[in-house]
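These notes are about the structure you will find just below.
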Amino acid sequence: MLKIDIHTHILPKNWPNLKERYGYGGFVQLDHCDGCSRMLIDGEHFRDVSHNCFDPKIRIEECDKYDVDVQVLSTVPVMFSYWAKSKDTADLSMILNDHIADLVTKFPKRFIGLGTLPMQDAELSIKELERLKNIKGITGVQIGSHINGWNLDDPRIFPILEAAENLDLSIFVHPWQMLGSDRMNLYWLPWLVGMPAETALSICSLIFGGVFERLPKLRIAFAHGGGAFPSIIGRLEHGYNVRPDIVATHNKHNPRDYLGKFYLDSLVHEPAVLQYMIDLFGAECIALGSDYPFPLGEKHPGKMIKDMKLKKDITNWLYADTALKWLNLNRKDYEK
């Protein structure tokens, strides 16, 4: 079976010293030393990464080992840099996007690209979307679950989403700078608890803010199985019914009506939860995602799906067909 992993992250091996380039700090640099690669922010350690985070040869070898035919590449969310000056984030976005464009050009059957944008500036983001549209193999963009505290229904973000719909580019929403992090400084809780909440908030903002209603052709997917969203749909519907004066102020449609109108990846680490999602959304809305190459991801992409022994047509949707539908691509272009 064709297997497409929609949730993988990549970095260039090297990029310019951004503090020198822009004249102020706060940016990530990659330091290679003694067989180890470290992400640093102003010289302070942020995270260690393995060579599979930037070496395409190693990535392809590991894909072959785990029977992954195609990876959808996106940057590491800490690179979003929405906090920086817009022109500088735009410049950094081009650096990252050109790197991914080079990889999808060199390995067109192994990699599909998602760009990144200076989301704090609609004009610059739309300009970069228009540029990405002309790069073969780039099919959309990855964005954060909020933009410097603006939820995704914020009027300052809407023109970017509208442009993506008009340009027929897909969107992948990834959580970052999780809400409540000041109360979650232990136990890896921002990643374990904050990320699911953050993703649910982004989906709810688009539903209750009427964005899905205004952009019915927007092809948008959410990381980590939509976070907490699938488990709270009943609560959302009940709140909509009993307090429409608070909940239904910008959209008069039941939140349940939007199930099946956006996509989720499969990264939930629990077969019973994935089965629930299949029953709730339909397999045609769920695509394989592993969060490669990071430890909170699925080391063997698709193994949980395989072990669930689902019907062949459902497995096909999860492994590849949903990804192709979301990205508006043809299966024959990626089959061997």
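Of all strands (runs of 3 or more DSSP E) completely enclosed by region 35-76, which ones contain at least 2 residues that are aliphatic (A, V, I, L, M) and closer than 28 Å to Thr105 by Cβ?
Because the criterion is at least 2 residues that are aliphatic (A, V, I, L, M) and closer than 28 Å to Thr105 by Cβ, the strands (runs of 3 or more DSSP E) in region 35-76 that meet it are 70-74.
Considering every residue within region 319-333, establish whether at least one is farther than 23 Å from Cys53 by Cβ, in contact with a strand residue (DSSP E or B) (Cβ under 9 Å, 6 or more places away or on another chain), of a type in the set (Val, Ile, Thr) and assigned to a helix (DSSP H, G or I).
yes
Mind checking whether some residue in region 251-260 is part of a strand (DSSP E or B) and crowded, with 18+ Cβ neighbours inside 10 Å?
The answer is no, given that none of the residues of region 251-260 is part of a strand (DSSP E or B) and crowded, with 18+ Cβ neighbours inside 10 Å.
Determine, yes or no, whether Glu237 is in contact with a helix residue (DSSP H, G or I) (Cβ under 6 Å, 6 or more places away or on another chain) and surrounded by fewer than 18 Cβ atoms within 10 Å (Cβ to Cβ).
Details: in contact with a helix residue (DSSP H, G or I) (Cβ under 6 Å, 6 or more places away or on another chain): yes; surrounded by fewer than 18 Cβ atoms within 10 Å (Cβ to Cβ): yes.
Judged against the criteria, Glu237 is a match.
Report yes if Thr199 is within 16 Å of Trp326 (Cα to Cα), surrounded by 16 or more Cβ atoms within 10 Å (Cβ to Cβ) and hydroxyl-bearing (Ser, Thr, Tyr), otherwise no.
No; evaluated as a whole, the condition is false for this residue.
Exactly one condition in (1) without any contact (Cβ under 8 Å) to a residue 40 or more places away in the chain; (2) outside any helix (DSSP H, G or I); (3) closer than 15 Å to Leu327 by Cα is false for Gly140; which is it?
In the conditions (1) without any contact (Cβ under 8 Å) to a residue 40 or more places away in the chain; (2) outside any helix (DSSP H, G or I); (3) closer than 15 Å to Leu327 by Cα, Gly140 misses (1) alone.
Taking the criterion of being touching a helix residue (DSSP H, G or I) at 6+ places or on another chain (Cβ under 9 Å), among the aromatic types (Phe, Trp, Tyr) and at pLDDT 95 or above, would at least one residue in region 138-150 satisfy it?
No, region 138-150 contains no residue that is touching a helix residue (DSSP H, G or I) at 6+ places or on another chain (Cβ under 9 Å), among the aromatic types (Phe, Trp, Tyr) and at pLDDT 95 or above.
Among the residues of region 168-190, write down those that are surrounded by fewer than 17 Cβ atoms within 10 Å (Cβ to Cβ) and in a helix (DSSP H, G or I).
Ser181, Asp182, Arg183, Leu189
Being more than 30 Å from Leu2 (Cβ to Cβ), over 19 Å from the mean Cα position of the chain (by Cα) and buried (at least 20 other Cβ atoms within 10 Å of the Cβ), is that true of even one residue in region 27-37?
Checked region 27-37: at least one residue is more than 30 Å from Leu2 (Cβ to Cβ), over 19 Å from the mean Cα position of the chain (by Cα) and buried (at least 20 other Cβ atoms within 10 Å of the Cβ).
With respect to Ser290, is the statement that it is of a type outside the set (Val, Ile, Thr), out of contact with any Cys (no Cβ under 6 Å at 6 or more places or on another chain) and assigned to a helix (DSSP H, G or I) true?
No.
Among what's in region 297-318 and is basic (Lys, Arg) and in a loop (DSSP other than H, G, I, E, B), pick the residue that is surrounded by the fewest Cβ atoms within 10 Å (Cβ to Cβ).
The first filter runs over region 297-318 and keeps only residues basic (Lys, Arg), leaving 299, 303, 306, 309, 311-312.
Next, only the ones that are in a loop (DSSP other than H, G, I, E, B) stay: 299, 309, 311.
Numbers: Lys299: 12, Lys309: 7, Lys311: 9.
Checking each candidate, the answer is Lys309.
Within region 77-87, which residues are buried (at least 18 other Cβ atoms within 10 Å of the Cβ), more than 23 Å from Val104 (Cα to Cα) and not hydroxyl-bearing (Ser, Thr, Tyr)?
Residue satisfying the conditions is Ala84 alone.
Between residues in region 204-227 that are in contact (Cβ under 8 Å) with a residue 40 or more places away in the chain and over 15 Å from Arg256 (Cβ atoms) and residues that are aromatic (Phe, Trp, Tyr) and not in a helix (DSSP H, G or I), which pairs lie under 6 Å by C-beta distance while being six or more apart or on different chains?
Ile220/Phe262; Ala221/Phe172; Ala221/Tyr263
So is Ile233 assigned to a helix (DSSP H, G or I), closer than 19 Å to Glu198 by Cβ, modelled with pLDDT of 95 or more and aliphatic (A, V, I, L, M) or not? Please lay out each step first, then the result.
Values: assigned to a helix (DSSP H, G or I): yes; closer than 19 Å to Glu198 by Cβ: yes; modelled with pLDDT of 95 or more: yes; aliphatic (A, V, I, L, M): yes.
In short, yes.
The values are calculated or read from the model by the stated rules, or taken from the named source; none is laboratory data. Values in this document were obtained by computation on a predicted structure and should not be read as measured data. Please note: Cβ atoms are built from the backbone with ideal geometry, for glycine as well, and neighbour counts cover all protein chains shown.
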